[in-house]
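Visitor: Please read through the structure below; I'll follow up with questions.
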Amino acid sequence: MTESSFFLVVLLAGITLVVLGLGVALLISPKSINFQKGEPYECGLPTHGTSWMQFRVGYYLYAILFLMFDVEIIFLFPWATVVRSLGMTGLVSILMFIVILSLGLAYAWKKGVLEWKSTTSK
């Protein structure tokens, strides 16, 4: 089997499985027509006020820092699979990577970005 025919078989199998799964879900899923199902927030409580409210910038900074460090840590997994073949150069480069991550975390910590400050007063 050539590479192009193997690719075509895998592609067709993937498309078939997705279409089949969606079709079965459409056929056996319960159907109920309800006005409240079309509401933007289906939590059981009516919304009060406008949905355009402002959030403190601290929430966004915390989320961005989490995503940044999370994505950078994911880069360690491919390195871990080939660590033996990289030798000393790979070890030094990943240590530099971890040092730069640690410096970024220390900077964010020093700036107070990681401190969670509540807006409610007691």
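Visitor: Could you give me D for segment 55-122, from Stokes-Einstein at 25 °C and 0.890 mPa s, where the hydrodynamic radius is the Kirkwood radius over C-alpha pairs? Units µm² s⁻¹, please.
Guide: So the translational diffusion coefficient is about 174 µm²/s.
Visitor: Tell me, what ³J(HN,Hα) does each residue in segment 19-25 have, in order and in whole Hz, if you take phi through Karplus 6.51 cos²θ - 1.76 cosθ + 1.60 with θ = phi - 60° and put x for Gly and Pro?
Guide: Rounded to whole hertz, the list is 5, 5, x, 5, x, 5, 5.
Visitor: So, R0 is 22 Å and r is the distance between the beta-carbons of ALA106 and TYR62; what FRET efficiency does that work out to, to 0.05? Display every interim value, and only then the final one.
Guide: Details: r = 16 Å, r/R0 = 0.75.
Step by step, r from the Cβ atoms, then E = 0.85.
Visitor: As an exercise, identify the trypsin sites (Lys or Arg not before Pro) in segment 47-111 lying in DSSP coil whose Cβ has no more than 12 other Cβ atoms within 10 Å. Show your work: numbers first, answer last.
Guide: Working: sites: ARG56, ARG84, LYS110, LYS111; in loops: ARG56.
Counting only loop positions with at most 12 other Cβ atoms within 10 Å, the trypsin sites (Lys or Arg not before Pro) in segment 47-111 are ARG56.
Visitor: What nm distance separates the two modelled labels at THR50 and GLU3, each placed 7 Å from Cα along Cα→Cβ?
Guide: The two pseudo-label positions are separated by 5.7 nm.
Where a number appears in this text, it was derived from the coordinates with a stated rule and is not lab data. The shown structure was predicted, so the numbers you read here are calculated from the model rather than taken from an experiment. With ideal geometry, Cβ positions are generated from the backbone for all residues, glycine too; neighbour counts draw on all protein chains shown.
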